[in-house]
Every structure is written in structure tokens, then in C-alpha cells.
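Single-structure report; data block below.
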Amino acid sequence: MMLMEVQATGAVADEVPDRRSKVYDADWTFEIGQAVKFDEMAAIVLWRMRSAMGKEMCKIWVSGEAHGRPLRLVDARMLK
């Protein structure tokens, strides 16, 4: 919360309201620890989060040949 300073001018200090944010309530597509397919690679969901716009993001660990990147943050829509 932010208050405005006022000198002896007779003005009244106003409170600036906190920023309102939208809360998204949705079910998760994948459970933590669930085996998934990313492209043709097998992977496991390590954690997940929602972006400010409600998009589901998953941190996955790619098992097998990962092309030097075994940990990836991907959009859940890219997983099967």
C-alpha cells in the first residue's frame, strides 16, 4: 500500500488501492511424477506452474537421449 505525502496545503491524503490480479482456478493436466511424451521422447513431470495468463507450464526430465538438455520447461499442451 502506498500513501501520498501532503504538505500543509489542506489536501487530504488518499490511499492508492493494491493492484488487483485475476486468479485462475483450473485443474492440472498432468500430475507430478507422471510419465509423458514430449515429441517422441519419454519424460517425467518434475513440477508445474501457471503463467500470469493461466497457461500451464511443466518442468520435465527427458529420459534417454535428450540432446544435451535433459531438463526442459515446456507448455503442457506440447505433452501427451
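For Arg48, the amide hydrogen comes within under 5 Å of the amide hydrogens of Lys59, counting only partners 5 or more places away or on other chains and with H modelled in the peptide plane. In order along segment 62-79, the phi-based Karplus estimate (6.51 cos²θ - 1.76 cosθ + 1.60, θ = phi - 60°) of 3J(HN,Hα) comes to 8, 8, x, 6, 10, 6, x, 9, x, 9, 9, 9, 10, 5, 4, 5, 7, 9 Hz; Gly and Pro are listed as x.
Every read-out reported here was derived from the displayed coordinates using simple, explicitly stated rules and does not represent laboratory data. The structure displayed is predicted, hence computed values, not measured ones.
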